[in-house]
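The values are calculated or read from the model by the stated rules, or taken from the named source; none is laboratory data. What you are looking at is a predicted structure, and each value in this text was computed from that prediction instead of being measured. Quick reminder, even Gly has a Cβ in these numbers, built from the backbone with ideal geometry, and neighbours come from all protein chains shown.
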Amino acid sequence: MLYMMMLNWVMSTILIFLKHPLSMGGVLLIQTIIIAMMSGMLYTNFWLSYILFLIMVGGMLIMFMYMTSIASNEKFMIPKLTMILFMFSMMLSMITAYFIDTSLLTPLMKINMSSQLETTKMFKLSIMKFFNHPNFMFSIMLMMYLLLTLIAVVKITDKKMGPLRQK
């Protein structure tokens with residue numbers, strides 16, 4: 001988990017220096033994969049993280065189509081400074097993650113980790129994790145949001161009006 005957080009931090013710092021939409025999309029895709037894996041490990045169930053990943057990739061595909069229609073012939077080159085910064089920050093984060101000792105953690109974080117282990121044991125006993133008491137409101141809100149989004153998309157793309165982009 002610590003390595004994933006460090007990798008996410010490195011990707012966030014690299015995203016600041018990127019200018020090409022393709023490289024930004026690649027970094028955003030890597031960050032989405034890392035966050036989906038972290039949330040899957042945290043909840044001990046990968047369904048929610050899988051759904052969020054698919055939603056994010058769908059949005060990125062739409063943005064990719066939009067960017068290719070605007071700037072189709074733009075060249076993609078990786079600057080040397082960005083590559084050096086990526087390698088340096090990657091090595092620094094891996095060395096830092098390797099040398100971090102769990103004894104340096106504060107007692108509050110140790111208590112939080114032990115209580116988190118207890119809650120994961122309780123979640124593993126549950127058969128339907130996302131529809132039980134703590135998470136059922138989130139599931140209902142997600143369903144309502146998706147229904148509202150579906151209705152909005154149907155209203156925006158009316159058959160009488162034609163396509164969104166006209167030539």
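Scan region 4-17 and tell me whether some residue there is of a type in the set (A, V, I, L, M), outside the structural domain of M143 (by TED's automatic domain parsing), in a helix (DSSP H, G or I) and in contact with a Gly (Cβ under 8 Å, 6 or more places away or on another chain).
For region 4-17, residues of a type in the set (A, V, I, L, M), outside the structural domain of M143 (by TED's automatic domain parsing), in a helix (DSSP H, G or I) and in contact with a Gly (Cβ under 8 Å, 6 or more places away or on another chain): absent.
Hey, does region 18-28 have a residue that's under 9 Å from the mean Cα position of the chain (by Cα), surrounded by 15 or more Cβ atoms within 10 Å (Cβ to Cβ) and either farther than 22 Å from F88 by Cβ or in the same structural domain as K80 (by TED's automatic domain parsing) (or both)?
Yes: one or more hits.
Inside region 126-139, can you point out the residues that are part of a helix (DSSP H, G or I) and either surrounded by fewer than 10 Cβ atoms within 10 Å (Cβ to Cβ) or at pLDDT 80 or above (or both)?
Restricting attention to region 126-139, the residues satisfying the condition of being part of a helix (DSSP H, G or I) are 129-131, 136-139.
Correct list: M137 only.
Could you please tell me which pairs satisfy a Cβ distance under 7 Å, a separation of 6+ or placement on different chains, a first residue in region 1-13 that is surrounded by fewer than 16 Cβ atoms within 10 Å (Cβ to Cβ), and a second residue that is at pLDDT below 80 and of a type in the set (A, V, I, L, M, F, W, C)?
L2/A97; L2/I100; Y3/A97
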